[in-house]
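The values are calculated or read from the model by the stated rules, or taken from the named source; none is laboratory data. For clarity, every value in this text was computed on a predicted model and none was experimentally measured. All Cβ positions, even for glycine, are placed from backbone atoms using ideal geometry, and neighbour counts span all protein chains on display. In case anyone asks, the SASA skips ligands and DNA or RNA and just uses the protein heavy atoms, side chains included. Shrake-Rupley method; radii C 1.70, N 1.55, O 1.52, S 1.80 Å.
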Amino acid sequence: MTTKLRTTKFRTSNFVARNKLRSGACAAVLVGALFATGGLLAAGGASAADGATGSPETSDVERWVVPQTLQGGEYWTPERMRAATPGDVLVRDNVAAESGAAASKSPAGGSPSEVPAQSADRQVAPAAAQEAPIDHIGKVFFTLQGTDYVCSGNAIAAANENTIATAGHCLNAGPGAFASRLTFVPAYENGAAPFGQWDATELYAPTQWSSGGDITYDTGFAIVASPTGSTLSDTVGASGASFNSGRGLNYTAYGYPAGAPFNGETLQSCTGSATADPYGQSESQGIPCDMTGGSSGGPWFVGGGAGGLQNSVNSFGYNNVPDTMFGPYWGSVIENVYDAASA
């Protein structure tokens, strides 16, 4: 096992560390969607959009350079943001088709994490708590086939200082085209965008998701352009990232759920210990959480709430496993995508 640490600017703490705990195996997870018969219940905005895809940088990574004509520009008015639909309905068919294949996959082990594994606390009430805005966490808006959708996302440590993490289904159809007009709005609250809109110029997804629609790899990254001239990390900070960590850790997850009883206008959080997918349909882990559509792509942190290391994203829920949010295991494949996007 090799451990690498990187520091970068972070407004809400003195530094942010990127801890890479490598192993030969990798695993990841599922999608914000709904099984037609007792399966997945949408957890967040789905994805996909107009525009052609690019060539993979490696066998694990597909990159799309967004043409200027398909960037956000002046499109995202406050009215369009409020009207954007949590796009969970877009991935129902995808998940129904892929779940059988996911069920045959066996979990891949990771190297021990710097955060000790913890057993699930069944006494924790799965109720999201409203939070004050956090600078580096925000909403992700995008367009698919003429319809506007919304997810959540987070600024993540990167050499380019302009990278965000979100769910794979929030930027690529899986399989299919990448999203157009994708923009990140950090610290969004009740229509306010204190740091402006950061339009995506490049999108990255695992080829297992973008080409095969494999719900085990539901994570994506985007490089965004500054509306002010300062980098994203200089402006709002950036979270460290952890890969190939242990399972069963304690997480704090954040997002902007828009489905009832939430309205998508405020940041919410959930905290709890992770447990495996009870149906074995994915290698994802679930935590106690009742966030709804629109929260997909919101970050999961280990080691200290929003000041910890990001280690997953909101991805999906089962309609017969109430008040549980599942997120992907960030293994070597997702790490490869992150490395490409953050260079």
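Results, tabulated for the structure shown:
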| item | result |
| --- | --- |
| Packing rank of 310-322, 220-232, where each peptide gets the mean count of other beta carbons within 10 Å, highest leading | 310-322, 220-232 |
| Heavy-atom surface of region 176-266, accessible at 1.4 Å and reported per residue (Å²) | 24 |
| Debye log10 I(q)/I(0) at q = 0.21, 0.22, 0.24 Å⁻¹ for region 197-274, Cα point scatterers | -1.30, -1.27, -1.20 |
| Accessible area of region 163-246 belonging to carbon and sulfur atoms, whole % at 1.4 Å probe | 47 |
| Anisotropy class of region 261-337 from Cα gyration tensor, a/c 1.5 cut | oblate |
| For peptides 257-263, 208-214, sequence by mean Cβ density within 10 Å, most packed first | 208-214, 257-263 |
| FRET E, pair TYR75, ASN190, Förster distance 22 Å, beta-carbon r, rounded to 0.05 | 0.60 |
| Burial ranking of peptide ranges 127-136, 154-163, 294-303, 329-338 (average Cβ count within 10 Å, highest at the top) | 294-303, 329-338, 154-163, 127-136 |
| Stretchable slack from ASN160 to ASN263, in nm (0.36 nm times residue separation minus alpha-carbon distance) | 33.7 nm |
